[in-house]
Amino acid sequence: AKRLAREAVAEATSAARAAAAEEAMKADIVERLSQLPMFVGCGSRFLEDVVLKMGAEVFESGETIIREGMQCRSLFLLCLGHAEGSAEGQPPQAWAPGAVFGEECILGVGGRSALRLKAKSRVVVRVLGRN
């Protein structure tokens, strides 16, 4: 009985940690979005709703996240990992957590991506589509 009680406490503690981590990640994404020109002045409640509409995608090292010329309809926020990208013949640059790309695409300003971006490690991005 004591063992079952300890396991129940451990499961509850683990669930509480997971929920706290999810809330911290959500708060971090809200903070990052609030710094983008398109979201400046938006309230935190609105931004929290935006975060709830964002999906998550995972890319393994070497996988292409964005191809140059790809139809673009989404905003991406790099949450975990590192990527390397370049636009229209520019030298490659490193992309780290917190990087945002696709702002023009989500607004409908750009039709095709000028960016080529590849995962340099396992990458997790949050994606907000126009659909």
To the nearest 20 Debye, how big is the dipole of region 1-84 about its Cα centre, given +1 on the beta carbon of each Lys and Arg and -1 on that of each Asp and Glu? 360
Highest mean first, what order results for 38-50, 90-102, 70-82, 13-25 on Cβ atoms within 10 Å? 70-82, 90-102, 38-50, 13-25
Degrees, to the nearest 10: 2-34 long Cα axis against longest axis of the chain: 30
Which percent of Cα pairs goes in each bin when the distances of the chain are cut into 5 angstrom slices starting at zero? 2, 10, 16, 20, 17, 12, 8, 5, 4, 3, 2, 1, 0, 0
Counting heavy atoms of the protein chains only and a 1.4 Å probe, report the per residue accessible area for the chain as a whole number of Å². 63
As I understand it, the value is the acute angle between the Cα axis of helix 44-53 and the longest principal axis of the Cα atoms of the chain; what does it come to in degrees, rounded to 10? 80
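The values are calculated or read from the model by the stated rules, or taken from the named source; none is laboratory data. Predicted, not measured: the structure shown is a model, and the values here were computed from it. Note: ideal-geometry Cβ built from the backbone for every residue, glycine included; neighbour counts use all protein chains shown. Accessible surface is based on the protein model in full, side chains and every heavy atom, while ligands, DNA and RNA are left aside. Shrake-Rupley method; radii C 1.70, N 1.55, O 1.52, S 1.80 Å.
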